[in-house]
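Shown next, in structure tokens, is the structure this report addresses.
The values are calculated or read from the model by the stated rules, or taken from the named source; none is laboratory data. Just so you know, these numbers come straight off a predicted model, no measurement behind them. Backbone-built Cβ (ideal geometry, glycine too); neighbour counts: all protein chains shown.
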Amino acid sequence: MNILFITHYPELHGSIRSLLDLTEGLHAYGIHPFFVVPAEGSFSATLQEKQLPYAIVPVPYWLSQKPLSWRKKAQRLKEIRQAAQGVSQIIPTQHIDLIYTNTSASPIGALAARKASLPHIWHLREGAYPDFQLRPIVPASWIARLLRNSGTIICNSNAVACSHFGSNLHGIRIVYNGVATQAQFEERLLMRHKSPKPDIFTFVMPSNYQPQKGQEEAIRALAAVQARGIQSQLVLAGNGKQSFLTQLQALSKELNIDKSITFLPYSDDALGLYYSSSCALVCSNYEALSRVALEAMSCGLPVIGRNTGGTPEIILNGQTGYLYDNFDALVESMAALAQNPALSQQMGLAGWVRARELFNTEDCAAKVFEIIQSVTNKA
């Protein structure tokens, strides 16, 4: 079966990596992917490396960061129609059987599927607006209606489903992302055991440098932990605006903990960071289903995460890490683990067991393929 996957972002970040993991799992079921990518970037470079076919087609959002005039809204809607036509031209040449949209940010896949009378699947991996920090250019009720009426809907967490559809979840399928195969889970745990352990308890936080990701809160929490006389350090890794990174570096100096914080650039492969760390932090205002948390757990790390979005569906509070609601609770959680490495290791292993059971690629692919079959059988 040939499936056209619509993606909304050119770089190899969370939702795109989750899609790649999924398509690799679907290969066992005879699924042949073709990708629509909005621009060249690290994602298209990976597709070339893996010899997977793709086409560059603009993927305009039906969301905007700021209010648009009626003229600009009309222009955006025109761009959406044109992009959908671009997708339509790919369908016959690639013998597409189904269109699969990997985001709620753009309707071009749904529109092209409707025109070609093909089945369509939405795979929503972000909250209605919290993830994008954007607002719809058309009434939100229209978007919800189009989502409902133009294909089967998969959400990667209950939080995402509720964000989009409230309590009316009839027909919505929840499929958690697969972050590693069963074999990879075993390999990662073994690699962590083999890797040198840090001399000082090390918190790690791979996230883009953005205010909503919570790096400032993590830095201030580390200072509070150290003020109790507890040895600990923090590793931050990500991309972002240099101005914000400079602000974070200045904060660490102001708090006199700059020697305890390492700032690293973004890496496509964060596993090495997890192997050499003690605990992962997820301090974002909102995460649909934190890939950082899942990857950290797949390496045997406990995770401390904000009690919002899909994070409570990942972390069992007090068993695989801690959920926190405020700054003081974050400090208490960090201190508890930094003072008790044995507890940290115990929670990390419990998290690894939970992640291997709930967030493995094989189960994710099997559940999605079952949905694909049901959709195509109805078509």
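For segment 1-50, what are the residues that are of a type in the set (D, E), modelled with pLDDT of 95 or more and either surrounded by 18 or more Cβ atoms within 10 Å (Cβ to Cβ) or more than 22 Å from F359 (Cα to Cα) (or both)?
Passing the criteria: D21, E40, E49.
Of all strands (runs of 3 or more DSSP E) completely enclosed by segment 143-252, which ones contain at least 3 residues that are at positive phi?
none
Out of (1) over 30 Å from Q212 (Cα atoms); (2) in contact (Cβ under 8 Å) with a residue 24 or more places away in the chain; (3) not small (G, A, S), the odd one out for K78 is which?
Unmet for K78, out of (1) over 30 Å from Q212 (Cα atoms); (2) in contact (Cβ under 8 Å) with a residue 24 or more places away in the chain; (3) not small (G, A, S): (2).
Of the residues S167, S195, only one is surrounded by fewer than 16 Cβ atoms within 10 Å (Cβ to Cβ) and closer than 29 Å to L337 by Cβ; which? So that I can check it myself, show each step before the final result.
On the way: S167 fails: closer than 29 Å to L337 by Cβ.
Exactly one residue qualifies, and that residue is S195.
Find the strands (runs of 3 or more DSSP E) located wholly in segment 261-379 whose residues include 3 or more that are free of Cβ contacts under 8 Å to residues at least 60 places away in the same chain and in contact with an Asp or Glu (Cβ under 9 Å, 6 or more places away or on another chain), and list them.
Those strands (runs of 3 or more DSSP E) do not exist here; none qualify.
With R220, R188, R192, R173 as the choices, which residue is closer than 29 Å to E313 by Cα, in contact (Cβ under 8 Å) with a residue 40 or more places away in the chain and not assigned by TED's automatic domain parsing to the domain that holds I314?
Result of the check over R220, R188, R192, R173: R173.
The rows are residues; the columns are (1) outside the structural domain of L124 (by TED's automatic domain parsing); (2) out of contact with any strand residue (DSSP E or B) (no Cβ under 7 Å at 6 or more places or on another chain); (3) crowded, with 23+ Cβ neighbours inside 10 Å; (4) modelled with pLDDT of 95 or more.
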position	(1), (2), (3), (4)
G300	yes, yes, yes, yes
N317	yes, no, no, yes
D328	yes, yes, no, yes
V331	yes, yes, no, yes
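Just the residues that are closer than 22 Å to L111 by Cβ and without any contact (Cβ under 8 Å) to a residue 24 or more places away in the chain, please, taken from segment 18-73.
Y54, I56, W70, R71, K72
Among the residues that make up segment 116-128, is at least one of them in contact with a strand residue (DSSP E or B) (Cβ under 9 Å, 6 or more places away or on another chain), part of a helix (DSSP H, G or I) and modelled with pLDDT of 95 or more?
yes
I need a count of the residues in segment 140-162 that are more than 21 Å from V375 (Cα to Cα), at pLDDT below 90 and not aliphatic (A, V, I, L, M).
The total comes to 2.
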